[in-house]
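Computed from the coordinates by the stated procedures, all read-outs in this text should not be read as laboratory data. Bear in mind the structure is a predicted one, so any value in this text is a computation, not a measurement. Here the Cβ is made from the backbone with ideal geometry for all residues, glycine too, and neighbour counts use every protein chain on show.
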Amino acid sequence: MIELKEVSKKYFNKFYTLYNANAQLNSNTLFVDEDYGAVCLFRLIAKIDNPTSGEIYLNNVNLKTLKDKELNLAYLPQKPILFENKSVYKNLFYPLKIRKYNKNTAKNMVQDAILQLNFKKMSQKVKNLNLSEKKLLSLMRAKLHSPKLIMLENFFEDLDIAYHATSFNLINELSKTSLVLACEKTDKNLKCFANFNKTKIENGSLKK
């Protein structure tokens with residue numbers, strides 16, 4: 001569960017992206033957001049940015065008191081962040097390695113993931129993938145380590161429709177075991193979000 005208590009984020013000493021936001025997010029949620037309120041919120045929860053004022057709680061624990069390794073979350077920004085000069089295999093293996101999964105178990109998980117993604121070359125460098133393939137890879141990489149919270153920033157923007165079905169399946173699987181927060185600017189009626197709560201962010205405030 002994510003709880004926001006009077007959370008505000010101000011930029012340039014005058015512009016509030018979030019203003020006095022109060023909410024409890026304990027079910028999968030799609031933010032309908034034409035501006036940057038949801039992206040700002042995701043960055044605050046991921047501790048990339050700090051709120052100007054207010055408190056954020058993760059499972060009743062103040063976010064300020066948690067170390068990054070204690071968050072157990074995955075944040076996928078609109079532009080995928082991957083190891084561009086490493087292979088598909090190594091990109092998938094990395095989050096399991098740092099979490100000290102058994103090596104053989106991790107290898108089997110990665111091989112199964114690549115089959116599900118239908119990527120034919122495990123040794124192919126990520127920089128040679130197209131944007132849609134990179135997005136799908138980042139989603140699978142996040143799913144592999146079973147985060148308790150996953151945040152998707154405009155995931156379907158610029159995603160080739162040929163990759164929608166696999167993405168829908170992965171998001172549906174994640175939504176059963178993780179709290180999924182997503183925002184979409186382009187298509188807000190995708191079927192993978194059909195059972196999500198819809199929340200608007202207007203003038204920095206969250207509205208059901």
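Across all directions, the average flat footprint of the convex hull enclosing the Cα atoms of segment 1-126 is 10.0 nm².
Find, to one decimal place in angstroms, the Kirkwood hydrodynamic radius of segment 62-208, where the mean of 1/r is taken over every pair of different Cα atoms and then inverted.
Working: mean 1/r = 0.0614 Å⁻¹.
Result for segment 62-208 stands at 16.3 Å.
Within the same chain, lysines fewer than 8 places from K185 are excluded, and of the rest, those with a Cα less than 16 Å from its Cα are K79, K198, K200.
Compute the FRET efficiency between K148 and S53 as 1/(1 + (r/R0)^6), taking r as their Cβ-Cβ distance and R0 = 35 Å, and round to the nearest 0.05.
Values: r = 26 Å, r/R0 = 0.75.
For K148 and S53, the calculated efficiency is 0.85.
Simple rule: put +1 on each Lys or Arg Cβ and -1 on each Asp or Glu Cβ in segment 56-126, find the dipole, and look at L73, A106, Y57; the Cα lying farthest toward the positive end is A106. Note on K90: lysines with a C-alpha under 17 Å away, same-chain residues under 8 apart excluded, are K100, K103, K107, K120, K121, K125, K127, K134, K135, K143.
Given N residues in segment 135-208, what is Rg(Cα) / (2.2 N^0.38 Å)? Relative to the 2.2 N^0.38 Å estimate, segment 135-208 comes out at 1.11.
Less than 12 Å Cβ to Cβ from I2, Lys/Arg counted +1 and Asp/Glu -1: what total charge do the surrounding residues give? Show your work: numbers first, answer last.
Values: positive: K5, K148; negative: E3, E55.
Around I2, the charge tally is 0.
Dividing the convex hull volume of the alpha-carbon atoms in segment 8-68 by its residue count gives 96 Å³ per residue.
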